[in-house]
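Engineer: Quick one: the structure is below, questions incoming.
The values are calculated or read from the model by the stated rules, or taken from the named source; none is laboratory data. Model, not experiment: these values are computed from the prediction. In this analysis, Cβ positions are derived from the backbone assuming ideal geometry, glycine residues included, and neighbour counts consider all displayed protein chains. Quick note on the areas: whole protein, heavy atoms, side chains included, nothing else; ligands and nucleic acids left out. Shrake-Rupley method; radii C 1.70, N 1.55, O 1.52, S 1.80 Å.
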Amino acid sequence: MMAHSKALLVLENFIGGKFVPCSSYINSYDPSTGDVYCRVPDSGKEEVEAAVKAAKDAFPVWASKSPLERSQILNKLADLIEHDLEAFAQAESKDQGKTITFARTVDIPRAVYNFRFFASSVLHHTTECTEMAAVGCMHYTSRTPVGVAGLISPWNLPLYLLTWKIAPAIACGNTVVAKPSEMTSVTAWMMCKLLEKAGVPHGVVNVVFGTGAKAGEALVCHPDVPLISFTGSTLTAQRITEKSAPHCKRLSLELGGKNPAIVFDDADLAQCIPTTLRSSFANQGEICLCTSRIFVQRGIYSEFLKRFVAEAKKWQVGNPSDPTVDVGALISKEHLEKVRSYVKKAQAEGARVLCGEGVDSLALPAGNQKGYFMLPTVIAEVKDESCCMQEEIFGPVTCVVAFDTEEEVIKRANGVRYGLAATVWSSNVGRVHRVAQKLQSGLVWTNCWLVRDLNLPFGGMKASGVGREGAKDSYEFFTEVKTITIKH
C-alpha cells in the first residue's frame with residue numbers, strides 16, 4: 001500500500017510566489033474509479049494568514065501598475081494555459097469526473113478566454129464627469145482597486161469558475177487569495193506553476209487549498225480581506241453572509257438554481273430536444289445553469305416525452321477519458337447517493353421514472369466499476385411541491401411535466417426559491433418577450449441554451465445569489481468608486 005501511495009500527486013499551497021508544504025493533508029478521489037488520486041493541503045488559519053499577508057504586501061505595487069501593464073500579463077497567462085490545454089483538460093477530467101471532451105471544448109478554453117476577456121475589457125472602462133456651471137464646480141469619479149480579494153470557487157467547473165473570479169480581480173488591480181474546492185484542486189495548482197512565467201509578481205495571486213469549514217472560513221473571517229466572491233451552495237452563502245457582516249465586507253454570491261425550461265406547442269422540437277438534453281445532462285447535470293424542470297404544453301407533451309426519453313437513452317455513460325462518452329462520473333460517492341435519493345423520493349411519491357436510475361442497467365468498463373456513475377434520468381408526473389421540483393439536485397436528473405396556459409406556466413416556473421436561469425422554447429416572438437419579462441430569473445435563454453456574452457450581467461435573483469458578474473458588473477464589484485469635486 002505504501003508503494004502505491006508514493007505515486008500520489010501531492011499539492012502544495014502557493015503563497016507569495018512559492019509553493020509551500022502544509023502540515024496536514026486530505027485525500028482527493030478520482031470519481032471515475034473511486035481511488036485516492038491526490039493529496040490536498042488541509043489549510044487553516046495559519047496558511048490563510050500567510051497568504052493574506054503576501055497579498056497585502058503585493059497590493060501597492062500591483063495596484064499602481066497601469067491597466068495596460070496588467071492586461072499584457074493576463075494575456076500572457078492565457079497564452080501559457082492555452083499552450084498546455086491538453087494537459088489541463090486531462091487533469092480536469094480525471095479530478096472532476098467530467099468527460100475529456102467537455103474539459104477540452106468547454107472548461108479549459110473558457111478559462112483561457114476569461115483571462116483574455118478581462119485583459120481586454122479593463123482597457124475600455126470610462127468614468128463619469130458632470131459640471132455645475134452655476135456654482136463653478138466640476139465633479140468626476142475615479143475607480144481604484146479594493147485590496148485583497150477572497151475568492152472561493154466550486155468543484156463543478158474548477159478552472160473555468162476560478163479564473164472567472166481571478167481574472168477581473170487582478171485586472172482591476174486587486175491581489176487575491178483563492179480557495180478552490182478541496183475536491184478539485186489540481187488545475188488551480190497547475191495554473192500557479194505558470195504565474196511567474198506570465199509575469200505575475202509574487203503575492204498577487206495566492207492559492208490556499210483546503211475545506212470550506214477550515215480554509216474558507218478563515219478567509220471569510222479575515223479582517224484584511226474586504227471582499228469575498230463565492231460560487232456554491234445557498235446554505236454556505238448564508239454562513240458567509242453572517243461571518244462577513246461584522247466586517248461589512250462586499251459580497252458577490254453566485255448560488256444554486258432550479259432552472260425551468262418552458263416548451264410551448266409551437267416550439268421547434270428538432271432544435272429543442274437536443275438542446276434540452278444538453279441543458280439537462282451536460283457535465284453530468286453538475287452545472288448551476290442546467291434545466292431540471294421541463295414544462296411542456298399539453299398538446300405536444302406525449303410526443304416530446306417519447307422523443308426526449310429515446311434520445312436520453314442514447315447518451316453514453318462511462319470512462320471520462322473515452323472521447324465517445326457523453327456522461328462522466330459524479331464528483332463524489334456522497335453526492336451520487338444524494339442525487340439517487342431524489343429519484344427514490346420521486347418514486348415514493350408516485351412519479352414515473354422513464355429512463356435511467358433504477359430503470360435501465362448501467363454497463364461500465366472493468367476499471368470503472370467503483371466509480372460514481374449514473375445514467376441520465378427522466379422523471380414524469382412529479383408534483384410541483386415535490387422536493388424534486390423544489391430543490392437543486394445537481395445531477396443527471398430532470399423532471400418533465402405538462403402545462404396548459406402561459407399564465408399558469410409562468411406562475412409555476414416562478415414557484416421556487418431560486419431564480420438563476422430559464423429557457424423558453426416558442427416560435428412566437430411576442431410570447432418569447434412576454435414570458436422572458438415575467439420570469440423571475442437572472443438569465444433567460446429563448447430557443448437556445450448557454451450562449452454567453454461575457455460583457456453582460458451574470459447572476460441570479462432570490463436564493464440564487466447577490467450581485468452580478470460581467471465586464472461592467474465585475475469592474476464595479478472589484479473597484480471602489482470615489483466622487484471628486486473641484487471648485488474653479
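Engineer: Could you list, bin by bin from short to long, the percent of Cα-Cα pairs of region 12-78 in 5 Å steps?
Structural biologist: Pair shares across the bins are 3, 14, 15, 15, 14, 14, 12, 7, 4, 1.
Engineer: I need to check one value: relative contact order of the chain, counting alpha carbon pairs closer than 8 Å and at least 6 residues apart, in percent.
Structural biologist: The value is 19 percent.
Engineer: Relative to the first principal axis of the alpha-carbon coordinates of the chain, what is the inclination of helix 108-121, with its axis defined by its Cα atoms, in degrees from 0 to 90 and to the nearest 10?
Structural biologist: Its long axis makes an angle of about 40 degrees.
Engineer: On the accessible surface of the chain, probed at 1.4 Å, how many percent belong to carbon and sulfur atoms?
Structural biologist: 55
Engineer: In debye, nearest 20, what is the charge dipole magnitude of the chain about its Cα centre with +1 on Lys and Arg Cβ and -1 on Asp and Glu Cβ, if you could check?
Structural biologist: Approximately 440 debye in magnitude.
Engineer: While we're here: Angle check, please: helix 429-438 long axis (alpha carbons) against the longest principal axis of the chain (alpha carbons), in degrees 0 to 90, nearest 10.
Structural biologist: Helix 429-438 and the main axis of the chain meet at about 60 degrees.
Engineer: Taking Rh as the Kirkwood radius, which is the inverse of the mean 1/r over Cα pairs, what is the Rg/Rh value for region 137-279?
Structural biologist: 1.09
Engineer: For the chain, take the longest principal axis of its alpha carbons; what is the angle in degrees between that and the long axis of helix 234-244, to the nearest 10 within 0 to 90?
Structural biologist: 20
Engineer: Return, ordered by residue number, the residues of region 116-131 whose backbone nitrogen is under 20 Å from a label point located 7 Å along Cα→Cβ of Asp79.
Structural biologist: 116-123
Engineer: Quick one: Karplus J couplings for region 152-160, per residue in order, coefficients 6.51, -1.76, 1.60, θ = phi - 60°, nearest Hz, x for Gly and Pro?
Structural biologist: Along region 152-160, the couplings run 10, 10, x, 8, 7, 10, x, 6, 3 Hz.
Engineer: Could you please state, rounded to a whole Å, how far the C-alpha centre of region 359-375 is from the C-alpha centre of region 69-137?
Structural biologist: One Cα centre to the other: 36 Å.
Engineer: When the Cα centres of region 245-266 and region 207-230 are compared, how far apart do they sit, in Å?
Structural biologist: The two parts, judged by their Cα centres, are 21 Å apart.
Engineer: With θ set to phi - 60°, apply the Karplus curve 6.51 cos²θ - 1.76 cosθ + 1.60 along region 475-482 and write out the HN-Hα couplings as whole Hz, x wherever there is a Gly or Pro.
Structural biologist: 4, 5, 5, 8, 10, 9, 9, 10
Engineer: What accessible area per residue comes out for the chain, rounded to a whole number of Å², with a 1.4 Å probe?
Structural biologist: Roughly 41 Å² per residue, with all protein chains present.
Engineer: Relative to the compact globular guide of 2.2 N^0.38 Å, what is the alpha carbon radius of gyration of region 259-446, as a ratio?
Structural biologist: Taking the Cα Rg and dividing by 2.2 N^0.38 Å, one obtains 1.00.
Engineer: Additional query: Quick one: the Cα spread of the chain along its three principal axes, in angstroms, biggest first?
Structural biologist: Principal-axis extents of the chain (Cα, largest first): 75, 71, 41 Å.
Engineer: Tell me the label-point distance for the pair Lys345, Leu362, using the 7 Å Cα-to-Cβ offset, in nm and rounded to one decimal.
Structural biologist: Using points 7 Å along Cα→Cβ, the separation is 1.9 nm.
Engineer: For the chain, give the share of DSSP beta bridges that are antiparallel, in percent and rounded to the nearest 5; count only bridges with both residues there.
Structural biologist: Antiparallel bridges make up about 40 percent of those DSSP assigns within the chain.
Engineer: Continuing with this model, one more query. Note down the nm distance, to one decimal, between modelled labels 7 Å out along Cα→Cβ at Leu235 and at Thr105.
Structural biologist: In this crude spin-label approximation the distance works out to 3.4 nm.
Engineer: Give me the distance in nm between label points sitting 7 Å out from Cα along the Cα-to-Cβ direction at Lys411 and Lys314, one decimal.
Structural biologist: 3.8
Engineer: Moving to a separate point now. Return the FRET efficiency for the residue pair Ile486, Arg434: r is the Cβ-Cβ distance, R0 is 45 Å, and the value is rounded to the nearest 0.05.
Structural biologist: FRET efficiency, Ile486 to Arg434: 0.40.
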